[in-house]
Each structure stands twice: as structure tokens, then as C-alpha cells.
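Asker: I'd like to ask some things about the structure below.
Every number here is computed from the coordinates shown, using simple stated rules; none is lab data. Everything numeric in this text was worked out from a predicted model, so none of it was measured. All Cβ positions, even for glycine, are placed from backbone atoms using ideal geometry, and neighbour counts span all protein chains on display.
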Amino acid sequence: MTSLAKAAGSRNIFLPVVMTIGYAFLYLPILILIIYSFNESQLVTVWAGFSTKWYAALLHNEHLIDAAKLSFGIAVVVATLAMTLGALAAYILARFGLFSGRTLTSGMVSAPLVMPEVIMGISSLLMFVGLEQWIGWPAGRGVQTIIIAHVTFAMAFVTVIIRARLADLDKSIEEAAADLGARPVVVFFLVTLPMIAPALLSGWLLAFSLSIDDLVITAFVSGPGSTTLPLVIFSSVKLGLNPQINALATLIVALVSTGTLIAGITLHRREKARLSFRQVADQAS
């Protein structure tokens, strides 16, 4: 009993220690970045006192602000398109059963998950160059080509999330709606879609993060006038990191954290309401 108690006590201590080290490894660099965004010194690694001057300087840096606006605009469009196409692909793979070309379709949808970004960037560039020579579109590389390339790989992640949600969905609810006379389109929009809404939101947020963070693919398919924020930051690092980037990164972290918190609260409330509804239904039956 004593040895078992000691083993249990060691395990209880080991798990919190490992979790603390893991979280520190992930989030301590972000915390340091936030702290140094209030640094007086122009050297990002030397603390010289508290100051907010880099936030004021950021407001006058049109190059960084324009790149951030462009990245956020592209990310919103990409997330919306990836969520829509990913939801359709997931619904077909989860609800249509066996059909001709199902294996090929599933493989093509999942391929971007394991494909190196360098390969995707090169293949996308070659495709756009070939299309321009063949049909005259797109006329050069720019925002359109970035959106198409980002949707291609972000859609795969969204499909996996929504397909997993559809696999766990209780089909009896959809069947009950169909038995009551609802057409398949009505069942999808009034029954299925609300039940997979948390997965849609999760997929949208993931696609947004993947798009706004992408550097490799964007470097291949971008052109003049379509320089995104990751490209600007990567270019500036070669010449020395500007403290204004710390300030911008802090604002982005605050914005993303707020959005994630709101999404988490919304998903928690929806899940709580769903469980309450199910308990009432079980009691009634």
C-alpha cells in the first residue's frame, strides 16, 4: 500500500510539472514578446524602461498597417470560402455513402494535410502561370491567387473537423424531420446545419489562423501590391527586428485571444443547451 501510495503521489506531481513545462514552452515566448512591446529601447532584447512609444509609432507605419489590413481581409475571405467548401465536402463524404470516386475524392481533400507547403506553393505557382498563358487569367499574381491557394489547403482542415462532427451526429433527428415531411434541403438548413454550427465556427477560426499565418505558400503566389503581414515581418527580420512588430504582434494576440474567448463561450453555451435539451427529451421518452 505504501509503494502504491508513493507511486500515485509521484504521478500526481509529475503531471502538473510536465503540463507547466509544456505551457511555459508554448506561451512564455509570447509573454516575453508582449512585455518587450512596452520597451523603451529600440533593441528588442535589451530592456530600457516602460514605454508605449512603439504603439504610437505603429499608428504612423502605413506599410505595416496596410500589410496587416490585407492579411486580415484575405484571412476573412479564405475562412468563409474554406468553411463553405469544407462543409459541403464533409457532408458529401459523411452522408452520401459509397459512390464512384469516393476514395479519390477523400484522398484529394485530405492531401493538403500532409503535403509540404513548399510543394503546394510551387504547384500553385505553376498552375497560375499555366492558366495565365492558356486563358489569360489570372493576370499576374496578387490577392486572388493568394486566396485561391489558401482556400486549397485550409479547406482540408475544415473538412476534417466538420466530417468528424457529422460522424458523431445523431442521425435519428434528421430522420425524424424527414419522416415529418421535411425535404432534404430543409432538413440540412433547419436541422443539420444548427447542430454542426460549433464545428463550422471552429473550422472558420482554424482557416482564419492558417491563412493569416501562412508564409511559404504566400511567398510563391503573391505579387506586387499583395505583400501580406508574414512577408513583411520575414523581410524585416533579415535587417533586424523592429520593435513596432512587437507592438503589432501584441495587438494581434489580444484580438485573436478575444475572438477565441468569445467563440469558446458561445460553443460552451450551445453545448450546454444541447445537453439540457437531450436530458429533457430523454426524460420525456
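Asker: Just subtract the alpha-carbon distance of residue 96 and residue 57 from 0.36 nm times their residue separation and send over the number in nm, one decimal.
Answerer: Difference between extended and current length: 8.5 nm.
Asker: How high is the relative contact order of the range 62-284? Use alpha-carbon pairs under 8 Å, at least six apart in sequence, and give a whole percent.
Answerer: 33
Asker: Stretched out fully, how many nm does the piece from residue 111 to residue 23 gain, at 0.36 nm a residue minus the Cα gap?
Answerer: 28.6 nm
Asker: Just the ratio, please: alpha-carbon radius of gyration of the range 144-185 over 2.2 N^0.38 Å, N its number of residues.
Answerer: Expressed relative to 2.2 N^0.38 Å, the Cα Rg reads 1.76.
Asker: Rg and Dmax of the range 96-232, Cα atoms, in Å?
Answerer: 18.8, 56
Asker: With the cut-off at 11 Å, report for the range 119-161 the share of all Cα pairs above it, as a whole percent.
Answerer: Cα-Cα pairs of the range 119-161 separated by over 11 Å account for 66 percent.
Asker: Out of 78, 158, 216, any idea which swings most in a Gaussian network model of the chain, alpha carbons joined below 10 Å?
Answerer: Between 78, 158, 216, it is 216 that shows the largest mean-square fluctuation.
Asker: Still on this structure: Mind pulling the per residue volume of the convex hull built on the Cα atoms of the chain? Å³ is fine.
Answerer: In the chain, the Cα convex hull volume per residue is 234 Å³.
Asker: Quick one: pull the percentage of alpha-carbon pairs in the range 134-208 with a separation above 14 Å.
Answerer: The calculated P(r) of the range 134-208 puts 69 percent of pairs beyond 14 Å.
Asker: May I pose another question? List the pair-distance distribution P(r) of the range 1-133, using every Cα-Cα distance, as the percent of pairs falling in each 10 Å bin from 0 up to the bin containing the longest distance, rounded to whole percents.
Answerer: Going from the shortest bin to the longest, the percentages are 9, 15, 21, 21, 20, 11, 2, 0.
Asker: Please build a GNM for the chain, connecting alpha carbons under 10 Å apart, and tell me which residue among 43, 15, 241 fluctuates the most.
Answerer: Ranking 43, 15, 241 by mean-square fluctuation puts 15 first.
Asker: Order these by the 10 Å Cβ neighbour count, fewest first: 270, 165.
Answerer: Ranked by crowding around the Cβ, least crowded first: 270, 165.
Asker: Continuing with this model, one more query. In nm, give the distance between the simple-model label positions of residue 104 and residue 88, each being 7 Å from the Cα along the Cα-to-Cβ direction.
Answerer: With each label placed 7 Å out from Cα toward Cβ, I get 1.9 nm.
Asker: Given the options 124, 226, 100, which has the most mean-square fluctuation in a GNM of the chain, springs set between C-alpha atoms less than 10 angstrom apart?
Answerer: Greatest mean-square fluctuation among the candidates belongs to 100.
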